[in-house]
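Down below is the structure, laid out as structure tokens.
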Amino acid sequence: MEIFENLSDLDLINKYRPLALIPTMGNLHEGHLSLVKYALKLNLSPMVTIFVNPLQFGPTEDFSKYPRTTEEDLRLLKKEKCTLAFIPDGKKSLENIKELKAPFSNFLCGKSRPGHFDGVLTIVNRFLELIKPEYCIFGQKDFQQQLIIKEHLKNSELSTELITNPIIRDRNGLALSSRNNYLSKRDKLKAAKIYFYLKEISAELIKIILNKNDFKKELDFLKSSYQEIFLKENFEVDYLEFVNAKTLEGLKKEDSEILIAIAINYAGVRLIDNIFLTRPIS
């Protein structure tokens, strides 16, 4: 595996094309590694960036304590036969950077984390412009993020194609996340209930779509019922939303692609998860 640290060295990557860029903030887990494995399966050269991006953290968020585990990250990447790793200098990466406004940032996580997706898009765009990968790969867990990047690519001069990989979960169903490391073993077991309830919600949502009752009324009842359940479990719900997966706007009965999205604060940790559905044929 070749490791790059200087922006000036990036012209040396051309011999590895076609490239699959995998942007990360490090503290890698099996979810990240699954993206590397998928790139290799597609006969692409995975290039993992490790950069804790200050632009996507709010003033009260965990930038300073976000785990920096570069040595272990590189060991894991080498084990998975990753082709390239890019660990840029923070200050140089942000020099003369063009700050962008992210589409779809008024929905879901964007409501409670203003400026977060602007910061994500700004640095991902910088890497895309520098590296010009043929592909980039994101995980479905960060559904809103990959939708924003996909929309940006569609409206830019970049020729990169975005690939979305399914959510990777722990054995108990908890969606893998670097922030899971903040949780105790006991808290992780409890947090796994989020996915259990999401599956229940998805089954109920399909019933609502298929029946002929008042769609909005039943949707509101489903949402409020599970908000109460989460509250009893001591989960602080930031949002529980049923949305059109293409626009993130509120779900309509005729929508063909559906996203059930949730963000929860538990034991001092923000956890996000989602389930993607296609509209059942009635």
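Give me the distance in nm between label points sitting 7 Å out from Cα along the Cα-to-Cβ direction at ASP89 and LEU231, one decimal.
With each label point 7 Å from Cα toward Cβ, the separation is 5.3 nm.
Rounded to two decimals, what is Rg over Rh for region 2-165 when you use alpha-carbon atoms and the Kirkwood radius?
0.93
Please list, or write none, the aspartates and glutamates whose alpha carbon is within less than 19 Å of the alpha carbon of LYS15, excluding same-chain residues fewer than 8 places away.
Filter leaves GLU2, GLU5, GLU129, GLU134.
Would you mind estimating how fast region 51-138 diffuses translationally, via Stokes-Einstein at 37 °C and 0.692 mPa s with the Kirkwood radius over Cα pairs, in µm²/s?
Roughly 222 µm²/s, to the nearest whole number.
For region 158-209, what Kirkwood radius comes out of the mean inverse Cα-Cα distance, in Å?
Kirkwood hydrodynamic radius for region 158-209: 13.2 Å.
For ASP11 and GLU161, FRET efficiency with R0 = 22 Å and r from the beta-carbon atoms, rounded to 0.05?
Step by step, r from the Cβ atoms, then E = 0.50.
Show me the GluC sites (Glu not before Pro) within region 220-282 that DSSP assigns to loop and that have at most 10 other Cβ atoms within 10 Å of their Cβ.
GLU254
Which of the GluC sites (Glu not before Pro) found in region 129-192 are loop residues per DSSP with 16 or fewer other Cβ atoms within 10 Å of their Cβ?
Hits after loop and neighbour filter: GLU134, GLU157.
For the residues ASP220, ASP73, what sequence is obtained by ranking on other C-beta atoms within 10 Å, fewest first?
By the 10 Å Cβ count, ascending, the order reads ASP220, ASP73.
Given the convex hull over the Cα atoms of region 1-71, what projected area results after averaging over all orientations, in nm²?
The orientation-averaged projected area of the Cα hull of region 1-71 comes to 5.8 nm².
Using the C-alpha atoms of the chain, what convex hull volume per residue, in cubic angstrom, is computed?
137 Å³
Mind listing which trypsin sites (Lys or Arg not before Pro) in region 205-258 are in a DSSP loop and have 15 or fewer other Cβ atoms within 10 Å?
LYS212, LYS246, LYS252, LYS253
Add -39500 (n - 2.57) for each DSSP H run of 4 or more in the chain, then divide by its residues: what number comes out at 222 nm, to the nearest 500 deg cm²/dmol?
The helix contribution divided over the chain gives -11000 deg cm²/dmol.
Hey, what do the phi angles of region 123-131 turn into as Karplus ³J(HN,Hα) couplings, whole Hz, using 6.51/-1.76/1.60 and θ = phi - 60°, x for Gly and Pro?
Those phi angles translate into 7, 5, 4, 4, 5, 5, 5, 6, 8 Hz.
FYI, it's all coordinate maths here, none of it is from the lab. No experiment lies behind these values; they were computed from the predicted model shown. Backbone-built Cβ (ideal geometry, glycine too); neighbour counts: all protein chains shown.
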